[in-house]
1. Check the stretch B:80-87 and report whether any residue there is crowded, with 20+ Cβ neighbours inside 10 Å, over 24 Å from the mean Cα position of the chain (by Cα) and farther than 28 Å from B:Q128 by Cα.
2. Being touching a residue at least 60 places away in the same chain (Cβ under 8 Å) and either in a loop (DSSP other than H, G, I, E, B) or more than 14 Å from chain A (Cβ to nearest Cβ) (or both) is the requirement here; does B:D68 meet it?
3. Could you check, for the stretch B:297-311, whether at least one of its residues is within 8 Å of another protein chain (Cβ to nearest Cβ), on the phi > 0 side of the Ramachandran plot and not β-branched (V, I, T)?
4. Kindly evaluate B:G154 against the criterion of being closer than 20 Å to B:I283 by Cβ and surrounded by fewer than 20 Cβ atoms within 10 Å (Cβ to Cβ).
5. Which count do you get for residues in the stretch B:183-203 that are part of a loop (DSSP other than H, G, I, E, B) and modelled with pLDDT under 85?
6. Which residue out of A:A76, A:A94, A:A86, A:A81 is part of a strand (DSSP E or B) and within 14 Å of another protein chain (Cβ to nearest Cβ)?
7. State whether one or more residues within the stretch A:73-92 are over 30 Å from B:S364 (Cβ atoms), in contact (Cβ under 8 Å) with a residue 40 or more places away in the chain and not basic (K, R).
8. Report the residue count in the stretch B:335-358 for those that are under 22 Å from A:N156 (Cα atoms), modelled with pLDDT of 85 or more and more than 10 Å from chain A (Cβ to nearest Cβ).
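The values are calculated or read from the model by the stated rules, or taken from the named source; none is laboratory data. Being a predicted model, the structure only gives us computed values, none of them experimental. Cβ placement follows ideal geometry from the backbone for every residue including glycine, while neighbour counts extend to all protein chains displayed.
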Amino acid sequence: MQALTDKSKQVSRKPMNFMERMYLPAIFKGMVITFSHIFKKKPTINYPEKKRPFSPVFRGLQILNRDEEGRENCTACGLCAVACPAEAITMEAAERQPGEENLYREEKYAAKYEINMLRCIFCGLCEEACPKDAIYLSETFTPADYQRKQFIYSKNDLLIPHPKENPTAYQQALGNRPKRESVI
Amino acid sequence: MSDETKKIKVTIDNITIDVDPGTTILNAARRIGGDVTPPAMCYYSKLEGSGGKCRTCLVEVAAGSTADPRPMPKLVASCRTGVMDGMVVKNITSDKVTDARNGVVEFLLLNHPLDCPICDQAGECHLQDLGYDHGKEGTRYQFARRTFKKEDIGPYIQLHMTRCILCYRCTYVADQITNKRVHGIVDRGDHAAISTYISKAIDNDFSGNMIDVCPVGALTDKTFRFKNRVWFTKPVDAHRSCTTPGCCGKATLWLRGEEVFRVTARKDEWGEVQSYDGKPGWICNTCRFDTKATASWTIEGLTTISRHSVIGANKYKTLEMPKETIKEVMHGVEPKLLMDIHSVSGVNNPDIHLSDIDRPAHSSDFKK
């Protein structure tokens with residue numbers, strides 16, 4: 001039979017010689033390999049004290065964006081939800097009332113916005129679909145938890161910190177990635 | 001037409017069809033169907049006198065008739081041009097037509113606000129479809145878009161004048177279906193706007209049909225405003241015995257769970273109101289705005305949605321819930337629910353009925 005790869009090796013059925021029957025040399029040979037790794041460079045890091053840099057295209061936890069004045073960008077157009085292959089995003093829209101202009105950028109906004117992180121596969125299609133520059137995938141993981149209900153992220157969990165009330169947290173949330181050119 | 005011999009032959013995009021004399025090119029093309037049919041934004045077959053305004057249905061006539069086979073010098077509006085015997089029409093096979101239509105779409109979009117993310121018509125908007133087929137990615141227009149003061153035209157209908165393309169369909173509806181027209185186009189040229197004459201409310205029994213005929217989101221349902229996106233609601237055909245004279249009682253319900261979010265007239269394949277025995281199936285305002293309970297309707301079945309429409313996305317193709325098989329297989333042992341989503345989620349709260357609110361939802365509605 002023709003071998004599929006050239007890595008296959010014919011099993012040898014020869015009786016073992018004296019050195020092989022002693023076993024100890026083979027064990028020492030193995031231990032040498034094991035102990036030699038102590039002096040080599042470690043491939044692991046001490047997470048969470050140390051963190052690896054993310055790739056510029058890393059897709060992590062979603063964040064809902066605000067404009068420079070701190071108003072929410074999302075208008076609950078539903079394009080992220082319809083683009084979501086895992087059907088993780090749900091929302092309910094409401095009309096902006098007089099007096100709420102400092103909260104929401106347009107006359108319609110998402111009164112409720114939820115992402116089920118148990119369903120989310122971090123594909124980034126919501127970010128692609130968004131016409132309002134409102135949802136981004138950030139450079140953070142979804143934190144682990146003991147309970148399933150903690151993974152239903154509401155709008156409060158997802159919104160970026162207010163740029164005027166909490167500028168340091170806002171700058172931190174923006175991350176180090178270069179800003180995408182906005183398309184009008 | 002007493003005999004069959006009076007039919008005349010017309011060739012549209014190399015497809016020949018026999019039609020009655022007096023048929024327009026557009027209606028002949030609709031008899032063929034498919035890609036051959038020119039798009040129409042202002043022509044509405046159920047409204048007398050409509051058409052000839054938007055210019056999206058332009059076609060090239062390569063040969064006028066058998067008697068006079070010269071081509072027509074300019075592109076013609078197919079909704080207003082009658083067919084002649086032996087006429088040869090080019091629609092999608094003509095580069096001139098595609099070019100002209102792209103230009104028309106660019107003009108229609110000059111002043112259009114492109115606020116599709118907040119527009120309730122998005123997903124079933126004819127201008128959106130047209131823009132996808134013929135639109136450019138950017139705009140060459142460098143000036144401020146035309147804007148209007150907001151005007152309240154009654155409790156049921158929301159008017160967004162900035163989105164209007166001045167197709168005149170709604171004025172024809174008011175003229176031909178209702179007994180009294182209180183709105184129309186006021187002013188001229190760039191200032192032309194749909195308006196009621198000196199701030200009147202439109203309160204006729206059939207005024208809601210203006211919403212159905214509007215090809216864009218200029219006239220939308222106030223009771224459905226911002227409630228949900230069309231593609232998250234499930235359309236089903238339903239009927240009820242309506243006592244209003246002239247109302248056919250046959251409608252499409254747009255459901256979210258068991259709640260009726262919106263009622264519209266049934267649409268045919270051209271996006272127009274469906275006809276029953278040759279009569280257009282207009283529905284009255286009682287059916288459209290005031291009958292929002294599933295119990296008042298007899299549901300017939302799912303509405304057929306075009307495969308290409310976003311409205312059909314992510315939906316079960318039947319009305320029945322899929323059968324739970326785990327209990328059967330496990331000898332009566334119920335599956336253990338690890339999390340009831342309604343106990344955690346704030347969206348689709350079973351205690352908040354958005355369909356009961358006859359205006360758009362406000363922040364106070366979610367604070368219960």
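1. Yes, there is a match, as at least one residue in the stretch B:80-87 is crowded, with 20+ Cβ neighbours inside 10 Å, over 24 Å from the mean Cα position of the chain (by Cα) and farther than 28 Å from B:Q128 by Cα.
2. It is false that B:D68 is touching a residue at least 60 places away in the same chain (Cβ under 8 Å) and either in a loop (DSSP other than H, G, I, E, B) or more than 14 Å from chain A (Cβ to nearest Cβ) (or both).
3. Scanning the stretch B:297-311, I find no residue that is within 8 Å of another protein chain (Cβ to nearest Cβ), on the phi > 0 side of the Ramachandran plot and not β-branched (V, I, T), so the answer is no.
4. So B:G154 fits the description; yes.
5. Of the residues in that region, 7 qualify.
6. After applying the criteria, what remains is A:A94.
7. yes
8. 1
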